[in-house]
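The values are calculated or read from the model by the stated rules, or taken from the named source; none is laboratory data. If you're wondering where the values come from, they're calculated on a predicted model, not measured in any experiment. As a convention, Cβ positions derive from the backbone with ideal geometry for all residues, glycine included, and neighbour counts pool all protein chains shown.
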Amino acid sequence: MKTFLIQTIGGNIKHDFCFQLIEAVNFINWYNGEKVYNVILSDYINYRECIPVGSLEFVFDYIEKFFRKDRKSIKPINIPDELFIPKYLKRDCCIKDKKNIIIDRPVFIKSMDAYKSFTEIINDKNNIPEGRYLVSEVIDIESEWRGFVLNGKLVGLNNYLGDFTLFPDILLIKEMINSYKNCPPSYTIDVGVNQSGTFIIEVHPFVSCGLYGFRGKFLPTMFNQAFNYIINN
């Protein structure tokens, strides 16, 4: 039986995905008439052989403690190579080391080296840390959506910012998913909508991802798969 170690802060659940995971576990255990999954709630990581669910810091602390894997070795995906094409980007975008970034207008940059690292719109590169960056032109985004993918299938799609009446191109999202072969078994794909259409924003393994209303029976499998992906890649 798999056990989820769910982070609390001061004894309280603070993340939407933790709350929804507990709901999903309770449902699955009830539906099966037996305990399929176990849950431990804790402010601390001191429990072996668990699947940690909480902030990135909580999960990475657990991985470093019990798997001896340096968090610096865990790199963000951002935009995968298979999706780094004009049809999906719909904006000027590249990946460069700091020394090779040329700025003649404001650009959005995001670190390719570490999660929750440098992300900003900049006019001058002199004050950013050394490293490798996703560099994108600044564009208007009228609506932003998060897709939830399990084993190559889109299992959820939720609006998280902007006009919820501007629906993305589902067929294009599914095409992106089909094109993304070297992928985690469970991940999120964020897309934007503007006058140019639907375009990719970024991809994340299903670890410490906001749900924005997504819920249900897939959550335990998705958290388990994504954790195994992180520790094995």
Give the residue that is farthest from PHE206 (Cα to Cα), with candidates limited to residues of segment 12-37 that are in contact (Cβ under 8 Å) with a residue 24 or more places away in the chain and in contact with a Ser or Thr (Cβ under 9 Å, 6 or more places away or on another chain). TYR37
Would you point out which residue out of GLU130, GLU120, GLU82 is closer than 30 Å to GLU175 by Cα and modelled with pLDDT under 95? GLU120
Against the conditions (1) part of a strand (DSSP E or B); (2) under 24 Å from VAL53 (Cβ atoms); (3) touching a Phe, Trp or Tyr at 6+ places or on another chain (Cβ under 8 Å), where does CYS209 fall short? Just the number, please. (1)
Flag if ILE141 is buried (at least 20 other Cβ atoms within 10 Å of the Cβ) and over 17 Å from PRO205 (Cβ atoms): no
Candidates SER136, SER111, SER73 - the one that is farther than 29 Å from LYS217 by Cβ and loosely packed, with under 15 Cβ neighbours inside 10 Å: SER73
For segment 177-188, does any single residue satisfy the condition of being assigned to a strand (DSSP E or B), under 30 Å from ILE102 (Cβ atoms) and in contact (Cβ under 8 Å) with a residue 40 or more places away in the chain? no
For ARG105, indicate whether it is surrounded by fewer than 12 Cβ atoms within 10 Å (Cβ to Cβ) and not aromatic (Phe, Trp, Tyr). yes
Residue identified as among the β-branched types (Val, Ile, Thr), surrounded by 15 or more Cβ atoms within 10 Å (Cβ to Cβ), in contact (Cβ under 8 Å) with a residue 60 or more places away in the chain and within 29 Å of ARG71 (Cα to Cα) among VAL149, VAL203: VAL203
Within segment 114-131, residues being touching a Pro at 6+ places or on another chain (Cβ under 9 Å) and surrounded by 14 or more Cβ atoms within 10 Å (Cβ to Cβ) number 4
Flagged in segment 38-74 as touching a residue at least 40 places away in the same chain (Cβ under 8 Å), hydrophobic (A, V, I, L, M, F, W, C) and not in a helix (DSSP H, G or I), in numbering order, are ILE45, CYS50, ILE51, VAL53, ILE74
Condition met for PRO129 (assigned to a loop (DSSP other than H, G, I, E, B), at negative phi, within 15 Å of the chain's Cα centre (by Cα) and not assigned by TED's automatic domain parsing to the domain that holds LEU56): no
Looking at segment 1-37, which of its residues are assigned to a strand (DSSP E or B) and surrounded by 14 or more Cβ atoms within 10 Å (Cβ to Cβ)? LYS2, THR3, PHE4, LEU5, ILE6, GLN7, TYR37
